[in-house]
Amino acid sequence: MTEIVEETLCELRQTFKSGKTKSVAWRKTQLNALRQLVKDNEEKVFEALYQDLGKHPIESYRDEIGVVVKTINHTLSNLDKWVAPTKGKLPLFIFPTRGEVLPEPLGVVLIFASWNFPISLALDPVIGAIAAGNAVVLKPSDQAPACSSLIAKTIPQYMDPKAVRIIEGGPQICEKLLQHKWDKIFFTGSPQVGRVVMTAAAKHLTPVTLELGGKCPVILDSLSNPSDLKVAIKRIVSGKWGPCSGQACIGIDYMLVEEKLAPTVIELLKKTMKRFYTESPKDANCMARIVNKHHFQRVQNLLKDPLVEASIVHGGSLDEENLFIEPIILLDPPLDAAIMNEEIFGPLLPVITLKNIQESIEFINEGPKPLTIYAFTKDENFKKKILSETSSGSVTFNDVLIQFLCDDLPFGGVGSSGFGRYHGKFSFDTFSHEKAVLRAGFFPELEARYPPWNNFKMTFIKLAYDLDYFGLFLLLVGLKRY
Amino acid sequence: MAAKVGFDGEAAAALAKELRASFASSKTRSYEWRVSQLNGLLKLTTDHEAEIVDALNSDLSKPEFESLIYEICMVKSSCKLAIKQLKSWMKPKKAKPSMTTFPSSAKIVSEPLGVVLVISAWNYPFLLSLDPVVGAIAAGNAVVLKPSELAPATSSLLAKLLGKYMDSSSVRVVEGAVAETSALLEQKWDKICYTGNARVGRIVMASAAKHLTPVLLELGGKSPVVVDSGINLQVASRRIIVGKWGCNNGQACISPDYIITTKDFASKLVDAMKSELDSFYGKNPLQSKDLSRIVNYNHYARLTNLLDEDKVSGKVIHGGERDTSNLRIAPTILLDVPQDSLMMQEEIFGPLLPIIAVDKIEDSFDLINSGTKPLAAYLFTNSQKLKDQFVRNISAGGMVINDTTIHLAVPSLPFGGVGESGMGAYHGKFSFEAFSHKKAVVCRGFLGDASLRYPPYTEGKLSVLKALVGGDSIVDIIRSLF
């Protein structure tokens, strides 16, 4: 096991040193190949995702294949722009010096993917790393074994095996990987493991991007127009149970609503869920299942607390053999229960009632900063307050999950939901070093720069710092005291 | 408002708690507060110039010129730039929303991270304390500053002046050494900025990992100067000298550490440097008032150790004189110091300049790349080809062609390291960004709801989805709807 890691790292370092991955043509070839891989293997991807998570092809396309294709298209369209240096504005007194910021690859990067979106959360960062000119080692999650295996088999068939490698395995291989020096580590997963990754990275001063999670709330304000409320509920249902049955970092974790609205909201939720998932969601084939027994039991345990169990107002059927949990709604479970203190990452939706919806800000601020906050409201002042008084990776008003699709927006957390960001150009930047380059000429020479020091030189430089060109002129023609 | 003797874990926790409460009150977020604090920093720097110069003289025997130009003027410029640009930096930036979520709007909002810790260094103790503080405050954070104990007069002055001029509910100074720093590092901060060496950088990052705190590490390394033949030797020598001995006598993170030149050119370069050194510092450089001393006896012993190593003695071709009681070492040049000597294995951080002579100037690249990535790399040449090769093949925090160190003073360029020389960057707008969280915000209305998003999932929905994602033309998308 150690040998695989060491050999891979050694080979990839050689490849990087050869300069091959820096060529923009090479990067484009790799990205095109990856896009072809995804297109050629669409059915196999659907099968693997069904096997690992019970995902319907639409969910698989929408959240996994589609995301990868979109990212590659966007990257290929913009790569030439991204690799170009950015000119820096320089103060006039060092004319004709030119300055620019040149992005360069970091070297050999390590990407850890998570199990809930085992294709897109594996390949999206890889796209960014390659676009930036790096060599890449990808460690897919062992908890989605069919996808991990598919990736390990197909990538070498399409991409340059001297520069892109897949290393499969569980915690042991992760430990081995983390012992080595990488030029960057990109990790998607839980805060607990995030700490382990960052601690290991610290030994080698390896920069990290941590895409973690948290309890993402949805604030549902009163909406006077009943059709708006219907749309809101549809979006909320799709934002909770749509992505991998609630096992998503930006999936809705819990809802905040005013207590007088709660009964209406719960009724509407039930109606909408019935329409989407039928009376028997397990058989409707529109919802993913729980990834494995460990997580099934974890989610089940959240319901074991009798007070929590008593707060269930809808659903509650758990099928351990098929790892399926039907959508469950809870009304005001105790706030000190685990379900309200840990990220649920499952199909349970606690609805927390407040006297006044404005209290939701304080409620959210009592916990760690989430990856995202959703708010359905038409109150512009309330929107402003949410934006300025809470902190989260992102905020989406009146919809769910769509911030994930926007290539122009940075995707990442803050506080315990992580740091660093990606998507679009942010992916390119995250895997690049922005090198400042100044090009000076031998002339003109500013004598004031050199010792021995005297008052004239001092005054000259002070004026230069102040960009006081007129003052400099006066000094030089002898009309200014020093 | 300095911490008393015996600042321990309890005191650190209390301090963090107090500043958190202050941050939670939203006081530091207001534009007015930030500008008033920046003006406070500007005023304390302007009104206490003489005291600052004295403190720097006491700590480092820093020439008044250097204190004014590299510490005081730079802090003032930083403050003025931040004050001038703050409104524009604080403005949200529009982003392009995704076509698939039409109609929607997207923007990126900058928000403060919270309470940040700035750990400063001893070599530019005023600048490297306040420059990051300028960024932290501009971004709306509360700040704790830990100046270096190896520059005690400056540390004490900073504690006094910040206590007097700044809002002590949100900006505090903690003086002390290892124990106090460790106590601070145990707390949770929203960002840590550390300037110093790689060994302590690792400790800082490992401590930060426990709390998932992002870090900005400004470290160091061996910054090489490659000197090609056929250049204006006088200008090149002067620029090398002022970047080396004119910057705190070589005790600067971006000082030229060593020179690489060709065997044929070496003697010409040495002659030019000797001649310029004489004109700058006279025949008795140990007496020159235009050179800093070595900061303390530990570093003095470390440097003399480098000089006295067997492998290295006999390689001194200029200088080498020392004055132990005044902690001074004269500008010293060495030729052909072996690669495995201590001097070539660690960052020198002092007035010793080894020159390595190679056969061909291109050999310098392999030599530089055999070491860790430095904070800065310099090249003197008239060859466009060599410039391009240098920029393309050497990775460093920043690079300057035909000059040294001036990129430090250009606020439009990011200043930071890569690999062992650090992670993250600051200066100018990059300082504001280093201490901000960029929050993605998406706004939608309730119209434009496509049933395609919702279950039950059908074949028809899948083909529309593919068309939308695949970037097909409008015609194809419409076609897929039927």
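The values are calculated or read from the model by the stated rules, or taken from the named source; none is laboratory data. None of these values were measured; they are calculated from a predicted model. Quick reminder, even Gly has a Cβ in these numbers, built from the backbone with ideal geometry, and neighbours come from all protein chains shown.
Checked against (1) away from chain A (no Cβ under 14 Å); (2) touching a residue at least 24 places away in the same chain (Cβ under 8 Å); (3) of a type in the set (Ser, Thr, Tyr); (4) assigned to a helix (DSSP H, G or I), B:SER237 passes all but a single condition, namely (1).
Listed here are the residues, each with its yes/no results for (1) surrounded by fewer than 19 Cβ atoms within 10 Å (Cβ to Cβ); (2) over 28 Å from B:SER325 (Cβ atoms); (3) not small (Gly, Ala, Ser).
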| site | (1), (2), (3) |
| --- | --- |
| B:ILE259 | no, yes, yes |
| B:SER267 | yes, yes, no |
| B:SER275 | yes, yes, no |
| B:ASP278 | yes, no, yes |
| B:LYS283 | yes, no, yes |
| B:VAL295 | no, no, yes |
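Residue count for region B:171-190, restricted to those that are surrounded by 22 or more Cβ atoms within 10 Å (Cβ to Cβ) and of a type in the set (Ser, Thr, Tyr): 1. Of B:GLY163, B:GLY140, all but one fail to be buried (at least 24 other Cβ atoms within 10 Å of the Cβ) and outside the structural domain of B:SER292 (by TED's automatic domain parsing); the exception is B:GLY140.
Pairing residues of region A:94-111 that are more than 7 Å from every other protein chain (Cβ to nearest Cβ) with residues that are assigned to a strand (DSSP E or B) and surrounded by fewer than 18 Cβ atoms within 10 Å (Cβ to Cβ), at Cβ distances under 7 Å and at least 6 apart in sequence or on separate chains, gives A:THR97/A:ARG439; A:ARG98/A:ARG439; A:GLU100/A:THR86; A:GLU100/A:LYS87.
Here's the yes/no breakdown for (1) surrounded by fewer than 24 Cβ atoms within 10 Å (Cβ to Cβ); (2) within 16 Å of B:GLU218 (Cα to Cα):
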residue	(1), (2)
B:MET90	yes, no
B:MET99	yes, no
B:LEU113	no, no
B:VAL116	no, yes
B:PRO132	no, yes
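Of the residues B:VAL35, B:VAL118, the single one that is away from chain A (no Cβ under 14 Å) and touching a Cys at 6+ places or on another chain (Cβ under 9 Å) is B:VAL118. Given the criteria of a type outside the set (Lys, Arg), within 30 Å of A:LYS203 (Cβ to Cβ) and buried (at least 23 other Cβ atoms within 10 Å of the Cβ), does B:MET399 qualify? Here the answer is yes, as B:MET399 does meet what is asked. Yes or no: B:SER421 more than 7 Å from chain A (Cβ to nearest Cβ) and among the hydroxyl-bearing types (Ser, Thr, Tyr)? Here the answer is yes, as B:SER421 does meet what is asked.
A search for C-beta distances below 6 Å between a residue of region B:50-66 that is more than 14 Å from chain A (Cβ to nearest Cβ) and touching a residue at least 12 places away in the same chain (Cβ under 8 Å) and any residue that is hydrophobic (A, V, I, L, M, F, W, C) and part of a loop (DSSP other than H, G, I, E, B), counting only pairs 6+ apart in sequence or on different chains, returns B:ILE52/B:PHE126; B:ASP59/B:ALA151; B:LEU60/B:VAL295. Only one of the listed residues (A:GLN172, A:GLN179, A:GLN143) is under 30 Å from A:SER23 (Cα atoms) and at pLDDT 95 or above. That residue is A:GLN179. For region B:204-228, filtered to residues that are of a type in the set (D, E, K, R) and out of contact with any Cys (no Cβ under 9 Å at 6 or more places or on another chain), the residue that is nearest to the other protein chains (Cβ to nearest Cβ) is B:LYS210.
Among the conditions (1) outside any helix (DSSP H, G or I); (2) farther than 27 Å from A:VAL299 by Cα; (3) facing chain B (nearest Cβ under 9 Å), the only one that A:ILE357 does not satisfy is (3).
Of the residues making up region B:240-257, at least one is under 23 Å from A:TYR450 (Cα atoms) and surrounded by fewer than 22 Cβ atoms within 10 Å (Cβ to Cβ). Does region A:81-92 include one or more residues that are facing chain B (nearest Cβ under 7 Å) and in a helix (DSSP H, G or I)? Looking through region A:81-92, none of the residues is facing chain B (nearest Cβ under 7 Å) and in a helix (DSSP H, G or I). Of the helices (runs of 4 or more DSSP H) lying entirely inside region B:358-447, those carrying at least 2 residues that are touching a residue at least 12 places away in the same chain (Cβ under 8 Å) and polar (S, T, N, Q) are B:363-369, B:384-393. Residues in region B:300-318 that are of a type outside the set (Ser, Thr, Tyr), assigned to a helix (DSSP H, G or I) and out of contact with any Leu (no Cβ under 8 Å at 6 or more places or on another chain): B:ALA301, B:ARG302, B:ASP308. Every condition in (1) in a helix (DSSP H, G or I); (2) facing another protein chain (nearest Cβ under 9 Å); (3) closer than 24 Å to A:ARG421 by Cα holds for A:THR206 except the one numbered (1). Of the residues contained in region A:426-435, one or more are found to be closer than 30 Å to B:ASP449 by Cα and either at pLDDT 90 or above or more than 7 Å from every other protein chain (Cβ to nearest Cβ) (or both). All of (1) in contact with a Phe, Trp or Tyr (Cβ under 9 Å, 6 or more places away or on another chain); (2) assigned to a helix (DSSP H, G or I); (3) of a type in the set (Gly, Ala, Ser); (4) surrounded by fewer than 24 Cβ atoms within 10 Å (Cβ to Cβ) hold for B:GLY201 with one exception: (4).
Checking the condition of a type outside the set (Val, Ile, Thr), more than 22 Å from the chain's Cα centre (by Cα) and assigned to a helix (DSSP H, G or I), which residue from B:TRP33, B:TRP89 passes? Checking each option against the conditions leaves just B:TRP33. For A:VAL196, the conditions (1) free of Cβ contacts under 8 Å to residues at least 40 places away in the same chain; (2) within 19 Å of the chain's Cα centre (by Cα); (3) away from chain B (no Cβ under 12 Å) all hold with the exception of (3). Taking the condition of being surrounded by fewer than 22 Cβ atoms within 10 Å (Cβ to Cβ) and not in a loop (DSSP other than H, G, I, E, B), how many residues in region A:365-384 meet it? Result for region A:365-384: 6.
If the condition is being of a type in the set (Val, Ile, Thr) and either in contact with a Ser or Thr (Cβ under 6 Å, 6 or more places away or on another chain) or more than 14 Å from A:ASP63 (Cα to Cα) (or both), then region B:433-470 contributes B:VAL441, B:VAL442, B:THR458, B:VAL464. Taken across region B:146-165, residues that are closer than 17 Å to B:VAL134 by Cβ, outside any helix (DSSP H, G or I), among the aliphatic types (A, V, I, L, M) and away from every other protein chain (no Cβ under 14 Å) do not occur at all. The set of residues in region B:315-343 being over 22 Å from B:PRO224 (Cα atoms) and either buried (at least 19 other Cβ atoms within 10 Å of the Cβ) or not hydroxyl-bearing (Ser, Thr, Tyr) (or both) consists of B:GLU321, B:ARG322, B:ASP323, B:ASN326, B:LEU327, B:ARG328.
Look at region A:162-183: where a residue is under 23 Å from A:LEU150 (Cα atoms) and a partner is modelled with pLDDT under 95 and part of a helix (DSSP H, G or I), sitting 6+ places away or on another chain with Cβ atoms under 6 Å, you get A:LYS176/A:THR2.
Is it fair to say B:GLU321 is in contact with an Asp or Glu (Cβ under 7 Å, 6 or more places away or on another chain) and acidic (Asp, Glu)? No, not satisfied.
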